[in-house]
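Below is one structure, written out as C-alpha cells; the observations come after it.
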Amino acid sequence: MELSLEQSRAMLVAMSEAIIDKSDVLTKADQAIGDGDHGVGMARGFRAAKDAIEAAEPATVGDLFKVGGSAVMATSGGASGAIFGILLKAGAKENPGDTLDARGFAGWLSAASTQIQARGKAQPGNKTMVDAIVPAAEQAAAAVGDGLVATAKAAAAGAHQGKDATVDMIATFGKAKSLGGRSKGHPDPGAVSTTILLDTALEYIESQ
C-alpha cells in the first residue's frame, strides 16, 4: 500500500488539525512541568502548516513535508517550533516521488530522529520528545517489510512507549530541568505531541 500525493496531503492536514484540536491537552501537559505555552505555540504553528499544505502545489510528497515544516518553524516560536519544524521537514528528502510508501514513512522518522538530536542536543532519557521519536523511528524501520500500515502502526506504538517512559524520568534538559525531581510523574509535552501526530497518521492510513 502507498498513499498518493493528494492522500499524503490529506494525512498531513489531518495531523495538523489533530494538534490544533488537542492544544488544550498540550497546554495542560506543559503546565505540569513547563511554562504552559506548548499548546498555544503548537496550535499556531500547525495552523500555519495546515494552511500551507492545503495551498501547496507540490510535485512530490517531500514538497508537502517541506512546506509544512517551514510553516511550523516560521510561526510556532520557541524551541518546540524549531524541533517540530525539523520533524516535518525531515520527510522532504526521504520522499522524492509522488507517493508515500512504508520506506518513505520510516525514512522520514529516521531522518527526523537524527536531525532533531543533532539540532537540539537532547538524547534519549533526557525527558523530551526525543524519547518518543527515537523508538518510533526504530520500530518503524523494523516494520518496513510488512508495508505502510504496519510501519505506521509500529511508529505510533514506539512513540507511545517512549512517551509513557518519560513519566518516570526526571528532566535533565530544557525548561523542565529546573524542576528536578518535581518533573517526575508527568509525561513530556513534546512526547505527547509526537504521539498525537503519529496516531493521526496511522488513523488516516488505516482508513484508506
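The values are calculated or read from the model by the stated rules, or taken from the named source; none is laboratory data. Note that the coordinates shown come from a computational prediction; the quantities given were computed from them, not determined experimentally. When we count neighbours, we look across all protein chains shown, and the Cβ atoms used for this are built from the backbone with ideal geometry, even at glycine. The accessibility values were calculated without ligands, DNA or RNA, using every heavy atom of the protein model including side chains. Shrake-Rupley method; radii C 1.70, N 1.55, O 1.52, S 1.80 Å.
Answer yes if at least one residue in segment 109-120 is charged (D, E, K, R) and within 24 Å of Gln7 (Cβ to Cβ), and no otherwise. No, segment 109-120 contains no residue that is charged (D, E, K, R) and within 24 Å of Gln7 (Cβ to Cβ).
Among the residues making up segment 145-156, those that are assigned to a helix (DSSP H, G or I) and surrounded by fewer than 19 Cβ atoms within 10 Å (Cβ to Cβ) are Gly145, Asp146, Val149, Ala150. Among the residues of segment 45-64, the one identified as of a type in the set (Lys, Arg) and crowded, with 20+ Cβ neighbours inside 10 Å is Lys50.
With the structure loaded, tell me whether Ile116 is under 21 Å from Asp199 (Cβ atoms), out of contact with any Ser or Thr (no Cβ under 6 Å at 6 or more places or on another chain) and open to solvent by less than 40 Å² (accessible area, probe 1.4 Å) or whether it fails that test. In short, yes. Looking across Ala18, Ala14, Ala32, one residue alone is within 19 Å of Thr128 (Cα to Cα) and open to solvent by less than 50 Å² (accessible area, probe 1.4 Å). It is Ala32. Checked against (1) surrounded by 17 or more Cβ atoms within 10 Å (Cβ to Cβ); (2) not in a helix (DSSP H, G or I), Ile133 passes all but condition (2). If Ala141 satisfies all but one of (1) modelled with pLDDT of 95 or more; (2) closer than 26 Å to Val167 by Cβ; (3) in a loop (DSSP other than H, G, I, E, B), what's the number of the condition it fails? Tallying (1) modelled with pLDDT of 95 or more; (2) closer than 26 Å to Val167 by Cβ; (3) in a loop (DSSP other than H, G, I, E, B), Ala141 fails exactly one: (3).
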